[in-house]
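The values are calculated or read from the model by the stated rules, or taken from the named source; none is laboratory data. These numbers were taken from a predicted model, which means no experiment stands behind them. These area figures cover heavy atoms from the full protein model, side chains too; ligands, DNA and RNA do not enter into them. Shrake-Rupley method; radii C 1.70, N 1.55, O 1.52, S 1.80 Å.
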Amino acid sequence: LRYLREALPRLRKTDSTLAQEVELVRAYLDVHGVRMGARLRYEIALPEALAAAPVPPMLLLTLVENALKHGLQPLPEGGSIHVGARSDGTTLTLSVDDTGRGMGESLGHGTGLTNIRARLRALYGARAALTLHLNEPRGVRAAVMLPDDRLAARVAGGAA
């Protein structure tokens, strides 16, 4: 129920914060945790300083859905998902690491990831990117790099 309360209003939103998106991801993983039991473990690391960072709605959820659907669910033993965020002052990096089955032949070319790439291009042009890498010893690391314009906005707001 919490997942639906979090997800349905976002379907029409054009903006969101990292904290709001993390709550949606947490609700989604809680639902799947009931279904998968001990086969699903997860950790979400959200630095408080990044909670208000603007992010596109449903982007982080799409990465988590992919990790679950393509990485963990096919494995009898399941696995873990780690969701993280960090900023170097100019780039906000959102990451989803899983210990799933790793990269298959079609990895990176599915509908969800294609849509993320198109959204990033439309919203940020060349200032944003989605990357996929092997996660050692097994799994995939998906990372989205977004421009972190919060410092510029604070400076401009303070100069007014």
Could you provide, to the nearest whole Å², the per residue accessible area of the stretch 7-147 with probe 1.4 Å?
-> 51
Quantify, in whole percent, the carbon and sulfur part of the accessible surface of the stretch 30-99 (1.4 Å probe; protein heavy atoms only).
-> 57
The stretch 18-37 and the stretch 42-112: distance between their alpha carbon centers, rounded to Å | 12
